[in-house]
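The values are calculated or read from the model by the stated rules, or taken from the named source; none is laboratory data. As the structure is a prediction and not an experimental result, all values here were calculated from the model. Cβ: placed from backbone, ideal geometry, glycine included. Neighbour counts: every protein chain shown. Just so you know, the surface numbers come from the protein's heavy atoms only, side chains and all, with ligands and any DNA or RNA stripped out. Shrake-Rupley method; radii C 1.70, N 1.55, O 1.52, S 1.80 Å.
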Amino acid sequence: MICAFLPAKRLAVIAFALTMAACTTVRPPPPQVAAAPAIDPLVAQRYSALETEKFHVPAVNLADLQPRYVRKLVDYPTKHEPGTLVVDPKNRFLYLVQEGGKALRYGVGVGKAGLEFSGTAVVERKAQWPRWTPTRDMIRREPERYAKWAGGMAGGENNPLGARALYLFKNGQDTLYRIHGTNEPETIGEAVSSGCIRMMNQDVIDLYNRIPSGSKVVVL
C-alpha cells in the first residue's frame, strides 16, 4: 500500500483532514428569488403622484394593479364614431374610440350601480373634485357609515368620487350613472359594493381632459 511508505506525521495530517471533511455539511446554494417584473418607466410616470391638483393625488402602487388595466391604445374596430365612450362593465374596461380602428382603453372598477344601467346616454355634466352624497338606500342600509354625509361630502382626497366625475343623462333625465375617480385604485378590475364606474384618479383626469360635455356614452 502507498500509505505504508508515508511518514507517520504525514499520515496523521491526512487522517485529520479526512475526518474534518467528513464532518463538514455541504449546503446547497440558496434558492434563486425571481426578480420582480420590470415596470415600464412611461407607465410609472403616467401613474405617479400629481402635485398640480387642488388636492394631492398619490401615486398608484403598480404592484397592486393588473397590467391589463393600465391605460393603453388598443385595436378596437367599432361602428361608433371617434369620441364615443364605450363602457364594458363585464370586462372592466372603458374605451374612448379613436380614429383608424383604435381606442384608448382604461381599466375600471364596477360598483352595484354600474350594473343597473345599459344603453346610450350623454355626458351632461363634468365636475372637478365633485361633491358626493350617499343615496337614501345607502343611508338606510348602513346608517352608521353614511348618515353623517346625508348633506353631502365636499370634494377632496377622501371623497369616494375622486378627482373627477362625469354625469350621464338620457333624454334630459339624470340616469344616476357616474364615471368617476376613486381613492382606492387597488379596486380597479374588481366588482365593488357601491358606486358606478370608478377609474384611477390619473385616468379619470386624463379622460376628463379629452372629452367635452355632450359626449356620447354607450354602456354595454
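Side notes on the structure shown:
- Total lysine pairs under 19 Å (Cα atoms) in the range 82-220, excluding pairs fewer than 8 apart on one chain: 5
- Selection of GluC sites (Glu not before Pro), the range 64-142, meeting DSSP coil and at most 14 other Cβ within 10 Å: Glu99, Glu116
- Under 12 Å from Lys79, Cα to Cα: aspartates and glutamates that are on another chain or at least 8 residues apart: Glu99
- 1.4 Å probe accessible area per residue over the range 63-220, in Å²: 50 Å²
- Percent antiparallel among DSSP beta bridges (both partners in the range 90-211, rounded to 5): 85 percent
- With Cα atoms defining each centre, the range 104-136 and the range 141-220 are spaced 5 Å apart in the structure.
- Sulfur and carbon atoms: percent of accessible area, the range 128-170 [1.4 Å]: 49 percent
- The 3J(HN,Hα) values that the Karplus relation (6.51, -1.76, 1.60; θ = phi - 60°) gives for the range 91-104 are, in residue order, 9, 6, 10, 10, 10, 9, 5, 10, 5, x, x, 10, 8, 8 Hz. Gly and Pro appear as x.
- Less than 5 angstrom separates the built amide H of Phe93 from those of Asp88, Val108, all sequence-distant by 5 or more or on a different chain.
- Taking every C-alpha pair closer than 8 Å and separated by at least 6 residues, the mean separation divided by the residue count of the range 74-199 gives a relative contact order of 28 percent.
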